[in-house]
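Each value in this text was obtained by applying a stated rule to the coordinates, not by laboratory testing. Worth saying up front: this structure is predicted, and the values here are computed from it rather than measured. Using ideal geometry, Cβ is built from the backbone for each residue, glycine included, and neighbour counts are taken over all protein chains shown.
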């Protein structure tokens, strides 16, 4: 496989390809043309060929793509099915919604524990995950070699908590706080979900369409 | 203002600029250089100048940007403060988390009602928003000329509900169902939040960093 850096834009499209390939595999389909795949994911065939060429040559003229080869390649690139260990920080509505919405088991991620500072939440179980006191967090991360922390805590303490996570050896942070957090000079990966920004992207589209008519 | 199409990438950065400009305005600061603004939002000065040049010329050599002018321009482009009317479909955890997380009032959006099919949720009030029966939805949208629907319902019925919304004259759909929905040939704007895709983007980064070391 090519060892080049794949652009974030292509990376963001890979899951969409994967969902389609999963459906195809489930239906017993072994190969697919770029044109057929394009139709399924709502893109053009040439865009798909270009995306896939970023990480190697999988297609064959006149044959198309082998579904299983492509699935394995994308799964490998995305780092899925590596059994990463995950914790949730902040067991409020947003944290609960994330646990509910994301099918961690499907990708063999293990959500080991949730943590919260509010006494009334400690001891609860949400989506089969026990909520522990925030005071136990540092020891827990080190003992279990936790890989990923999902950040669903308040804005004001977000960066402080991130610094603590990094000190304890976390490798990735999924940030739902709505503020930018920095991994500093560390090697820790940060991915932020800015829900409000996406909403304003919608109102921009509405606004533009209104201006056109 | 230039009437060109601004790239989605630039649009997605605009809210970040706006939050910084809001902070500056609140602190009584009237102008800022591209370098100073760059530092605040974690980008380069030249990237900022390039972004702003997409929608007009606001900066002046040696003077920088006027904070208020820039705020108004971005607010105008994003279609904020137009008093758009919003409804929520699906008053489960995800719907509740969205209502809680997004500061609709700040942008003068009015969340008029929520709708759900589950009898036990109808009549509840979440974040000051009343949950009505899904059966009342069509009439409600037309009576109140609702602009935007937030979709927090199950995957299986997502497209059907979208078709219904479009028939009733909705202008924008904010899609949290995790499946792609299509506005067909209509002029309706759709913005999807794919939470799982963002998670896989994080695992890709972790995986790549592990491969590098």
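Below is a table of values for the structure above.
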quantity	calculated
Choice from B:25, B:73, B:97 showing the highest fluctuation, given a GNM over chain B with Cα pairs closer than 10 Å	B:25
Where rotation carries B onto A, the chain B residue whose Cβ is nearest that axis, in whole Å	B:97, 2
Residues in segment B:74-117 reached by a label modelled at residue B:156 [backbone nitrogen below 18 Å; 7 Å Cα→Cβ]	B:90-92, B:116-117
Most mobile listed residue (B:150, B:77, B:87) in chain B, GNM with C-alpha springs under 10 Å	B:77
Simple label model, 7 Å out from Cα along Cβ direction - residue A:187 to residue B:118, nm	4.4
Distance histogram in 10 Å bins (all Cα pairs of the protein assembly as shown, percent per bin)	4, 19, 28, 29, 18, 3, 0
Antiparallel DSSP beta bridges within segment B:64-156, as percent of all bridges there, nearest 5	15
Mean ellipticity per residue at 222 nm, deg cm²/dmol - from DSSP H runs of n ≥ 4 across the protein assembly as shown, formula -39500 (n - 2.57)	-13500 deg cm²/dmol
Exam field: residue B:139 pseudo-label spacings to other copies (7 Å along Cα-Cβ), nanometres	6.0
Whole-number Å³ per residue for the convex hull built on Cα positions in chain B	168
Whole-angstrom gap from segment B:135-213 to segment A:29-62, using each part's C-alpha centre	25
Fully extended contour minus Cα-Cα distance, from residue A:138 to residue A:69, at 0.36 nm per residue	20.8 nm
Average beta-carbon neighbours from other chains, 10 Å sphere, peptide B:33-45	0
Approximate shape of segment A:82-192 as ellipsoid semi-axes (Cα gyration tensor, √5λ), whole Å, largest first	19, 16, 14
For residue A:36, label point 7 Å along C-beta direction: distances to other copies, nm	6.0
Label point 7 Å beyond Cα along the C-beta direction, distances from residue A:128 to other copies (nm, shortest first)	4.0
Contact order normalised by residue count of chain B, Cα under 8 Å, 6+ apart, percent	13
